[in-house]
Amino acid sequence: MLKMVFPVALAVLAFAPAASAQAALGPDAAACAPGSNRPAVLVSVNGFKNRAGKIRVQLYGSNPSEFLAKGKKLRRIDLPVTRAGSMDVCVAVPKPGTYAVAVRHDADANGKSGWNDGGGFSNNPRISLLDLKPSLREVAINVGSGIKPVNVVLNYRSGLSIGPVGR
């Protein structure tokens, strides 16, 4: 009996990581692959209100005057929203340093910001209708020579407030 159980147990262990691991999405996915020595941010986007439209992940550098300024992003990745689960988007960074991540869920995929769209930032700061843009200091992350995991929970408008779905 033990001779039969051992090979089955090894087979289960061999396939368990592949089944539970979700591959990084986007054109920079190779930078987040196991064994990669490139500096990168692995952005896990969660809290979708619906599974339609596109997400946009933008990377900004450490200059406060350039944070969220038009044309000042270092990297932009647009992807269709997946059917379920979190979306793990890999963003390669130019070199180790301080960066910020902004995510927008364009729910109707029209390319314009609207009341039904969602958004979030690295470090998940609180935002409101009166203060939609956090400071760089609130969202800054330090990226070393490897992969920096960053969780972003999307916020949506609900009446006169903005927050995660179900809050």
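Listed values, structure above:
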read-out	value
Qualifying residues in segment 129-148 (those that are among the aliphatic types (A, V, I, L, M) and farther than 23 Å from Asp28 by Cα) - the one surrounded by the fewest Cβ atoms within 10 Å (Cβ to Cβ)	Leu130
Residues that are among the small types (Gly, Ala, Ser) and in contact (Cβ under 8 Å) with a residue 60 or more places away in the chain, drawn from segment 123-160	Ser135, Ala140, Gly144, Ser145, Gly146
Boolean, Lys112 is in contact with a Ser or Thr (Cβ under 9 Å, 6 or more places away or on another chain), in a loop (DSSP other than H, G, I, E, B) and among the basic types (Lys, Arg)	no
Positions within segment 47-88 being assigned to a strand (DSSP E or B) and of a type in the set (Asp, Glu), in sequence order	Asp78, Asp88
Test: residue in segment 106-128 that is among the β-branched types (Val, Ile, Thr), on the phi < 0 side of the Ramachandran plot and crowded, with 19+ Cβ neighbours inside 10 Å	no
Within segment 143-167, considering residues that are farther than 17 Å from Lys133 by Cβ and of a type in the set (Lys, Arg), the one modelled with the lowest pLDDT	Arg167
Residue among Arg137, Arg104, Arg126 that is basic (Lys, Arg) and in a loop (DSSP other than H, G, I, E, B)	Arg126
Cβ-Cβ under 7 Å pairs, at least 6 apart or on other chains, segment 99-121 side free of Cβ contacts under 8 Å to residues at least 40 places away in the same chain, far side of a type in the set (Val, Ile, Thr)	Gly119/Val103; Phe121/Val101; Phe121/Val139; Phe121/Val152
Those residues of segment 47-73 which are surrounded by 15 or more Cβ atoms within 10 Å (Cβ to Cβ) and of a type outside the set (Lys, Arg), in sequence order	Gly47, Phe48, Gly53, Ile55, Val57, Gln58, Leu59, Tyr60, Gly61, Glu66, Phe67, Leu68
Residue that is least open to solvent (accessible area, probe 1.4 Å), among those in segment 1-32 that are aliphatic (A, V, I, L, M) and at pLDDT 95 or above	Ala31
Meets criteria (over 13 Å from Val45 (Cβ atoms) and under 12 Å from the mean Cα position of the chain (by Cα)) for Ala100	yes
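The values are calculated or read from the model by the stated rules, or taken from the named source; none is laboratory data. Nothing here was measured: the structure is a model prediction, and the numbers come from that model. Here Cβ is always computed from backbone atoms with ideal geometry, including for glycine, and neighbour counts include all displayed protein chains. Only protein heavy atoms, including side chains, enter the accessible area calculation; ligands, DNA and RNA are left aside. Shrake-Rupley method; radii C 1.70, N 1.55, O 1.52, S 1.80 Å.
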